[in-house]
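Bear in mind that the values in this text are calculations on the coordinates, not laboratory data. What you see is a predicted model, and the numbers here were worked out from it, not measured in a lab. Backbone-built Cβ (ideal geometry, glycine too); neighbour counts: all protein chains shown.
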Amino acid sequence: MFSLAGKSLYVAALDLWIDSTSARRRCYVSHGHADHARVHDLVITSPNNARVCALRFGRRGEATVYETHAFNEPWEIGAYRLSLFAAGHVLGSSQLLIEGEAGRFVYTGDFNLEPSYTAEAAEVKRCDLVLMECTYGRPQYVFPPRAEVAGAMVGWARRALEDGAVPIFYAYSLGKAQEALAILGRAGLPLAAHGAIAEMACLYERAGVALPAYERYDADAFDGARVLLWPPSGRALPKAVRGRPIRTAALTGWAIARGARHSFRTDTAFPLSDHADFPSLLRYVELAQPHKVLLNHGWRDFTLRLRKLGIDAEYLENDAQLALFS
């Protein structure tokens, strides 16, 4: 049996919470973004994500024990066999496979099937039941090829610098910012990164991800002739660019929605996403070939689109209970 307490998934047969947003005794954490990760007594995760979570949450004073498992190296809890495999979302992000007499269950968490410059390549495994996110589960959400997005980002930044303006990209400090560093730096653009982004980039590099040269932003040393990477939460203008001409861009999958730049209050927006778009969601189901699809974290009507394709699909409501592992 597994159940939802709010949006937190609990597998009773394993006494295991999955991506709980409340503190738990034992919890599997798919990746380090705050809508999936919290401080727990014991965190089950991949080695790279343990490092990410320790960096992001370790300063709060709570003691967390990390039980790490490499991708595709199974372990057992009672009569069940568990394994983690790559999700392609951010560094260390994983999916969870649970195997038992009742069949094979996969929890995807956030995933991305398209090639990434900085995250481990995603896998898809055959299963009987899959619980998947569907953040972009509507047909209008089709992302351009990553190389096309990268080229647009580089061209926009170059033009800004040539015009004497500081180009500022707003990107989450975990994942999106490191992807942007890779894209812009490989094009030879000079870069400066907010401290939180630079700190996470150092962790990426220690994990073996090759990133181009960049400077950690220093208000006293910044000369205005660099592309600036900044977290969306720090929307107040950096001290060193006040009074300078600037151009701003948001990096988000929602950039393909009409009026995105107005929503994000930026000059422009680029559809650089670390989630699966609509075609990738359908491709995942096609490759996994589950008997049933459960959905969360996204559009409820994606269930109807799957049902039209002959797929048994259900959107999980809060506090749902399903007898799957009993």
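Computed from point charges on the beta carbon alone (+1 for Lys and Arg, -1 for Asp and Glu), the dipole magnitude for the chain about its Cα centre is near 900 Debye.
With K and R counted +1 and D and E -1, the other residues having a Cβ less than 14 Å from that of residue 213 yield a net charge of +1.
Averaging Cα coordinates gives a centre for the range 242-309 and one for the range 131-155; these two points are 6 Å apart.
Normalised by the number of residues in the chain, the average gap of Cα pairs under 8 Å and 6 or more apart makes the relative contact order 19 percent. Other residues whose C-beta falls under 13 angstrom from the C-beta of residue 92 contribute a net charge of 0, scoring Lys and Arg +1 and Asp and Glu -1. Each of the GluC sites (Glu not before Pro) that DSSP puts in a loop and that has at most 14 other Cβ atoms within 10 Å breaks the chain; the longest unbroken stretch is 102-316. Once the Cα-Cα distance is subtracted from the 0.36 nm per residue extended length, the residue 254 to residue 162 segment shows a gain of 30.3 nm.
Computed extension gain for residue 210 through residue 76, at 0.36 nm per residue and net of the alpha carbon distance, reaches 44.8 nm. Taking amide H positions as modeled 1.01 Å from N, with prolines and chain starts lacking one, the residues under 5 Å from residue 16 and 5 or more places away or on another chain are 11. By the helix-only formula, in which each DSSP H run with n ≥ 4 contributes -39500 (n - 2.57) and the sum is divided by residues, the chain has a 222 nm mean residue ellipticity of -7000 deg cm²/dmol. Annotation note: trypsin sites (Lys or Arg not before Pro) in the range 8-76 located in DSSP loop regions with a Cβ neighbour count of at most 15 within 10 Å are 25.
For the range 12-55, just say rounded, prolate or oblate: build the C-alpha gyration tensor, square-root its eigenvalues into a ≥ b ≥ c, call rounded for a/c under 1.5, and beyond that prolate if a/b exceeds b/c, oblate if not. It comes out prolate by the Cα gyration axes.
The 3J(HN,Hα) values that the Karplus relation (6.51, -1.76, 1.60; θ = phi - 60°) gives for the range 182-187 are, in residue order, 5, 5, 6, x, 5, 7 Hz. Gly and Pro appear as x. Using a/c under 1.5 as the rounded threshold, could you call the range 146-270 rounded, prolate or oblate? The axes a ≥ b ≥ c are square roots of the C-alpha gyration tensor eigenvalues, and prolate needs a/b larger than b/c, oblate otherwise. Taking the square roots of the gyration eigenvalues as a ≥ b ≥ c, the range 146-270 is rounded.
Bridge orientation summary for the chain: considering DSSP beta bridges with both residues in this region, about 40 percent are antiparallel. Averaged over residues, the count of other Cβ atoms within 10 Å places the peptides 268-274, 291-297, 89-95 in the sequence 89-95, 268-274, 291-297, highest first.
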